[in-house]
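Data block below; observations after.
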Amino acid sequence: MGRAGRLRTAHVSASSAAAVTLRIHRSHGGQGRFALEAGPFTSVLDLLFTAQRRFDRSLVFRFACRIGVCGSCAVRINGREGLACRTRARDVGPEIALEPLRHLPVVRDLAVDLRPFRAAYAAALPALRPSAEVRTAPTPRAPALPEIGGQGDCIACAACYSASETVATAPGYPGAAALIRAASLLADPRDGAHAARIGALTPWLALDDPEATVVCPKGLRHETALARLRAVAARAGADAQA
Ligand code: SF4
Ligand code: FES
């Protein structure tokens, strides 16, 4: 049997460990299959480390913080995007299939090139551009902005970009993360680029992107952002006609 199809096994000593089979997309062809054991709190990222250290040092995947804040470890887990470090293996099941994010070039195995995602994100003009008023104010403070759901800020994991059918079918669509960022900045009174931002994104505001909210590990709601952007665009259109 070829290297990609061979099943390799590892055991952990904890009596509460459960058997899991990890199947990993390999960019040189086929899948790596590893028979492992997962304790109650073993993450999918932990399993990847075990597979790499014990069986195949050439296995490539991304990680950094291991606590769900850097966004590096996003992959497709049994067909759905998630953070490997925040996904408990037991919650996935005894068969865990890992694939790289979609709509992005694969560098190797589970690692993708995020540059297309970041380039699309740039369409939102994602940096705050202080208004002339704020630039002259001595100590501009961050205002309390309305939330777009979730547990904090976007971590640029690209899970929404991968899950999106809109990304697949609408070339140039900037993605849910870009629209969420734009909606935040449009609610920020310090920002002086509202018109440019809404102008850049208006062509995309008719599109829905339901998969984005489903997979976002921070619980950010694309539809909330989209509703805000549509309202701002409608007001801008009405003002222009007045
Ligand atoms: S909006 Fe959510 S899913 Fe999309 S990049 Fe940000 S954190 Fe990830
Ligand atoms: S390693 Fe940073 S979010 Fe998973």
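General remarks:
- Once the Kirkwood radius over Cα pairs is known for the stretch 3-112, the Stokes-Einstein relation at 37 °C and 0.692 mPa s delivers a diffusion coefficient of 238 µm²/s.
- Loop-located trypsin sites (Lys or Arg not before Pro) in the stretch 56-121 (DSSP state not H, G, I, E or B) with no more than 12 neighbouring Cβ atoms inside 10 Å: ARG57.
- Rounded percent of accessible protein surface that carbon and sulfur make up, the chain, 1.4 Å probe: 54 percent
- Residue with peak Gaussian network fluctuation, the chain [Cα springs, cutoff 10 Å], from ALA89, ALA122, ALA159: ALA122
- Amide H contacts of ALA74: ALA84, each under 5 Å away and 5 or more positions distant or on a separate chain (H built 1.01 Å from N in the peptide plane; Pro and chain starts excluded).
The values are calculated or read from the model by the stated rules, or taken from the named source; none is laboratory data. Fair warning: this is a prediction, and the values are worked out from it, not measured in the lab. Methodologically, a virtual Cβ is constructed for each residue, glycine included, from the backbone with ideal geometry; neighbour enumeration extends over all protein chains shown. Side chains are part of the model used for accessible areas, which takes the heavy atoms of the whole protein and leaves out ligands, DNA and RNA. Shrake-Rupley method; radii C 1.70, N 1.55, O 1.52, S 1.80 Å.
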